[in-house]
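Worksheet: one structure, shown below.
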């Protein structure tokens, strides 16, 4: 339980920081709408806590299934695919898109932080 909670908190913090960094680099006046970066990090930590928790629970389930057998051969690609599919599911659910549609800009804004958080969860959980 301790390893899971530490991994979850680090993933939540990493997710909120990466989303803010991507927004500040892609939208020049992003600071005018949200204020200082710390305000938006706290807001994204609050709003992103439930989706990150669900992703970490799915990641914990997958981690326990592959723990004994193929740690590095299958673990890293599995958690990358898990992050991409988890993002694609939410993108499809909230934007009424077809399953096979893909938008690179939307993936970089939302999918990259989710995929990197999923990979970070696996790497921290493995220790």
Extension reserve of the residue 10-residue 66 stretch, reckoned as 0.36 nm per residue once the Cα distance is removed: 18.0 nm
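Figure the gain on full extension for residue 49 and residue 22 (residue separation times 0.36 nm, minus the Cα-Cα span) and round it to one decimal in nm.
7.9 nm
Coordinate-derived values only; no laboratory data. Keep in mind it's a predicted model, so treat the numbers as computed, not measured.
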